[in-house]
Amino acid sequence: MAVEGGVMEAGLLEVCLTRRVAAPPAMVFAAWIDREQLAKWWGPKCFTNRVYQVDARVGGAILIDMQSPEGVVYPMTGRFVTIDRPHRLVFVTAAIDEHGKPMFEVMNTVTFTEARGGTEISLVARVIKTTSAAAPKHLEGMSQGWCQSLDRLSELVALV
């Protein structure tokens with residue numbers, strides 16, 4: 001693992017979140033692997049997404065451009081590691097710099113547990129690799145970004 005000092009010193013290596021949503025696990029799980037649904041909720045509030053690829057199989061690719069309200073595009077790529085429908089999803093994502101190179105990689109583990117007619121989502125997002133291109137600003141928003149993404153997901157599945 002190639003983690004440079006700044007990230008470790010800032011304590012920004014892992015985000016753990018739990019969220020309960022008013023939809024069954026199969027529906028919530030599908031929102032993570034369906035290209036159209038993913039485009040509606042991925043990323044922070046007010047961001048839009050162009051989802052180019054979500055190949056929901058082990059080793060399958062993920063390719064998403066998140067666009068901020070100011071028009072800045074944040075490309076990311078990834079791959080699926082584990083798919084256990086509708087219970088668990090593990091995937092690695094990488095933020096891409098202007099040269100198409102990964103700045104950092106995050107191992108994301110998501111579990112979906114039935115809970116009182118809905119689903120409890122448990123997310124662990126752990127930075128597993130960084131480069132010198134990964135400024136603290138790129139990692140500082142990880143927790144807030146995931147919180148807002150899960151808010152958007154909750155809103156989406158509640159509409160169905």
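The values are calculated or read from the model by the stated rules, or taken from the named source; none is laboratory data. Owing to the predicted nature of the structure, the values given are computational and were not obtained by experimental measurement. Glycine gets a Cβ as well: all are built from the backbone with ideal geometry, and neighbour counts include every protein chain shown.
Scan region 127-149 and tell me whether some residue there is part of a helix (DSSP H, G or I), among the small types (Gly, Ala, Ser) and at pLDDT 95 or above.
yes
Residue check, Met103 against (1) in a strand (DSSP E or B); (2) at pLDDT below 95; (3) under 12 Å from the mean Cα position of the chain (by Cα), all met but one. Which one?
(3)
Only one of these is touching a residue at least 60 places away in the same chain (Cβ under 8 Å), assigned to a strand (DSSP E or B), out of contact with any Phe, Trp or Tyr (no Cβ under 8 Å at 6 or more places or on another chain) and not aliphatic (A, V, I, L, M): Thr113, Thr109, Thr77, Thr93. Name it. Walk me through it before giving the result.
Values: Thr109 fails: touching a residue at least 60 places away in the same chain (Cβ under 8 Å); Thr77 fails: touching a residue at least 60 places away in the same chain (Cβ under 8 Å); Thr93 fails: touching a residue at least 60 places away in the same chain (Cβ under 8 Å).
It is Thr113.
Take the residues in region 136-156 that are hydroxyl-bearing (Ser, Thr, Tyr) and surrounded by 19 or more Cβ atoms within 10 Å (Cβ to Cβ), then tell me which one is farthest from Arg19 (Cα to Cα).
Ser149
Scan region 103-135 for residues that are crowded, with 16+ Cβ neighbours inside 10 Å and basic (Lys, Arg) and report the count.
Selection size over region 103-135: 1.
May I ask you to list the residues in region 20-49 that are over 26 Å from Ala134 (Cβ atoms), touching a strand residue (DSSP E or B) at 6+ places or on another chain (Cβ under 7 Å) and outside any loop (DSSP other than H, G, I, E, B)?
Correct list: Arg20, Val21, Pro25, Val28, Phe29, Ile33, Arg35.
Can you give me the number of residues within region 57-79 that are under 14 Å from the mean Cα position of the chain (by Cα) and modelled with pLDDT of 95 or more? Spell out how you get there, then give the answer.
Of the residues in region 57-79, the ones under 14 Å from the mean Cα position of the chain (by Cα) are 61-66, 74-79.
Going one step further and asking which of them are modelled with pLDDT of 95 or more, we end up with 61-66, 75-79.
Going through region 57-79 one residue at a time, the tally reaches 11.
Quick one: Pro69 ticks every box in (1) of a type outside the set (Gly, Ala, Ser); (2) touching a Cys at 6+ places or on another chain (Cβ under 6 Å); (3) surrounded by 18 or more Cβ atoms within 10 Å (Cβ to Cβ) bar one, so which box is it?
In the conditions (1) of a type outside the set (Gly, Ala, Ser); (2) touching a Cys at 6+ places or on another chain (Cβ under 6 Å); (3) surrounded by 18 or more Cβ atoms within 10 Å (Cβ to Cβ), Pro69 misses (3) alone.
I'd like the full set of residues that are more than 19 Å from Ile96 (Cα to Cα) and among the hydroxyl-bearing types (Ser, Thr, Tyr), limited to region 120-148.
The answer is Ser122, and nothing else.
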